[in-house]
């Protein structure tokens with residue numbers, strides 16, 4: 001483990017990037033609303049951010065690994081966020097603001113996997129790296145919300161976005177303090193079972209099968225063989241974990257996307273909404289170190305993930321509880337209590353999920369696997385945000401919360417199955 005300057009640089013990059021992302025999401029949304037006054041344009045901006053984040057999370061290993069050092073990747077990510085924020089802040093053109101949101105989304109996708117891998121190598125222990133990364137990241141989000149609120153009292157949203165762009169650009173200088181041995185990308189070894197050769201191997205006989213007199217029989221055999229291959233591979237631990245994560249974050253996005261509107265509908269003002277979200281972030285920040293001893297043990301990390309995910313099923317019925325008790329109990333204490341539990345369960349889920357993914361990853365593929373994890377999170381976020389709007393409009397908040405709760409139960413079942421699956 002290195003010197004103080006190196007550890008301060010690692011903490012500052014993670015916390016600073018998280019603060020910048022929090023401002024980009026919040027101030028960027030306000031900027032779109034100020035310019036257009038359209039909820040549709042706001043949804044388009046959020047959707048573009050999530051789509052760009054998901055695509056980059058999946059493709060960046062093919063683009064960067066073997067070509068660019070981790071310091072170069074961080075420079076690209078932080079510089080890209082600075083450019084996107086500047087595009088959101090300078091021109092009063094909605095299309096450019098929305099495009100800037102997409103640039104920020106794509107650039108930010110590199111921060112988590114690259115920094116997590118650097119910290120895992122630096123500290124020499126995955127569980128310690130996960131705890132420190134999550135603590136610094138959560139503290140950065142809290143700092144971003146607080147500082148943004150203070151700055152916003154004196155200047156407008158464009159100036160706030162430009163200040164964030166400057167901060168992101170300034171963080172690039174701190175990457176020079178990361179020791180060289182931690183920013184070099186190691187040669188990759190193939191020590192896992194890939195689905196691609198299995199898929200292409202089964203498709204190779206397809207041309208001859210199509211032109212055979214026994215075409216129906218041949219196509220049936222190909223289809224059955226393909227289905228057997230799919231069944232075998234869904235018994236593998238990593239694919240099952242990633243699918244469970246996509247389902248879980250679909251539910252999370254369905255729950256949280258309309259939550260500000262729901263809070264307003266039951267009488268909370270904007271300050272109370274802000275306090276609710278801030279409370280959740282503070283609880284997470286304060287409890288990451290508590291779960292560190294648990295996620296240090298791979299088996300305990302799995303149990304924590306399953307327990308915390310299970311706890312989200314009744315938690316996501318929170319709008320139902322509020323509506324049932326409306327008129328007898330004030331909405332704020334119910335929602336605030338629920339968001340304390342949100343903070344606690346998020347600590348457990350984010351720490352344990354990252355720990356089990358790292359434990360299933362080869363040393364030189366950890367950043368790539370974390371990219372796949374982020375891609376599944378982004379995919380779930382996109383599906384959940386789109387579905388939530390339709391469900392709320394057609395059926396209301398009660399049906400939405402019930403749907404999210406059912407999806408959490410499905411994700412829990414997938415995690416339970418993955419824990420007992422083949423380790424490949």
Criterion first (modelled with pLDDT of 90 or more, in the same structural domain as residue 134 (by TED's automatic domain parsing) and over 23 Å from the mean Cα position of the chain (by Cα)) does residue 87 satisfy it? yes
Total residues in segment 153-169, condition farther than 13 Å from residue 16 by Cβ and touching a residue at least 24 places away in the same chain (Cβ under 8 Å): 6
What is the one condition in (1) in contact (Cβ under 8 Å) with a residue 12 or more places away in the chain; (2) in contact with a helix residue (DSSP H, G or I) (Cβ under 6 Å, 6 or more places away or on another chain) that residue 361 does not satisfy? (1)
For segment 52-63, does any single residue satisfy the condition of being surrounded by fewer than 23 Cβ atoms within 10 Å (Cβ to Cβ), in contact (Cβ under 8 Å) with a residue 60 or more places away in the chain and outside any helix (DSSP H, G or I)? no
Selection over segment 276-297 where residues are surrounded by fewer than 15 Cβ atoms within 10 Å (Cβ to Cβ) and assigned to a helix (DSSP H, G or I) yields a count of 3
Single unsatisfied condition, residue 394 versus (1) surrounded by 19 or more Cβ atoms within 10 Å (Cβ to Cβ); (2) more than 27 Å from residue 274 (Cα to Cα): (1)
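The values are calculated or read from the model by the stated rules, or taken from the named source; none is laboratory data. These numbers were taken from a predicted model, which means no experiment stands behind them. Because the Cβ atoms are built from the backbone with ideal geometry, glycine has one as well, and the counts that use them run over all protein chains shown.
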